[in-house]
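No lab work stands behind these numbers, since they all come straight from the coordinates. Keep in mind that this is a model prediction, so the values were computed, not measured. Here the Cβ positions follow ideal geometry from the backbone for every residue, glycine too, while neighbour counts run over all protein chains shown.
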Amino acid sequence: MSTEKKWYAIYTMPRWEKKVAGLLNEKNITTFCPINRVERQWSDRKKIVHEPLFRSYVFVQISTEEIIKVKQTDGVLRFVYWLNKPAVIRDIEIDIIKKYLNEYINVQVKEIDMRVNDVVRIVSGPLMQYEGDILSVNKNKIKIYLHSLGYMMVVEVDKSRVELVKENNISAKPPSSHSTSVVYQSNAV
């Protein structure tokens, strides 16, 4: 087991994000519960409220030995998995989220639909930075034609490993029945 500490995403019970972060901090586990400052309008006033940016998610920086300690915490439902292992979140992605939340209010996380003929860029893995056209969209994977390699090469890539470069606005194309959350191109959330 490795003692190197890495960031992981955990899925919590609804509305337990702050409570789980507090319980884990009591166990001396480094947490990051991204809190968004949102301006709300009431009939008589405006107010800034603090809400979790990612509903039901908290990030923890732990070694693999501490995974059990996290799982045994009230309110933690499970780790977010990638390839049958808890998904590792890159430090730079955590830093980007922190930077956005420090500099802006009303930060939004949006889902995007990926459709056939959209152009995407692979953002992680061995084919990182290659662009291609989506040939098909399945539950968690898309098939991409990578024209920049100079060969007809079709690869099946997990949706979380791509970012949308150009949306094809042809109205006749069928919409995807599934969407993927894009969080600064993170493969975990």
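Using only the Cα atoms of the stretch 1-124, build the gyration tensor, take square roots of its eigenvalues as a ≥ b ≥ c, and label the shape rounded, prolate or oblate: rounded if a/c is under 1.5, else prolate if a/b is larger than b/c, else oblate. Present the calculation step by step, with values, prior to reporting the outcome.
Details: a/c = 1.98, a/b = 1.19, b/c = 1.67.
In terms of gyration-tensor shape, oblate.
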³J(HN,Hα) computed for each position of the stretch 53-58 - Karplus, 6.51 cos²θ - 1.76 cosθ + 1.60, integer Hz, glycine/proline x: 5, 10, 5, 6, 10, 9
By count of other Cβ within 10 Å, fewest leading, how are L135, L23 ordered? L135, L23
How would you rank M114, M13, going from fewest to most other Cβ atoms within 10 Å of each one's own Cβ? M13, M114
Close Lys-Lys pairs in the stretch 6-103, where close means Cα under 15 Å and separation is 8 or more or interchain: 8
How high is the FRET efficiency from N102 to E131, r the C-beta distance, R0 30 Å, rounded to 0.05? 0.45
What is the fewest-to-most order of T12, T73 by other Cβ atoms lying within 10 Å of their Cβ? T73, T12
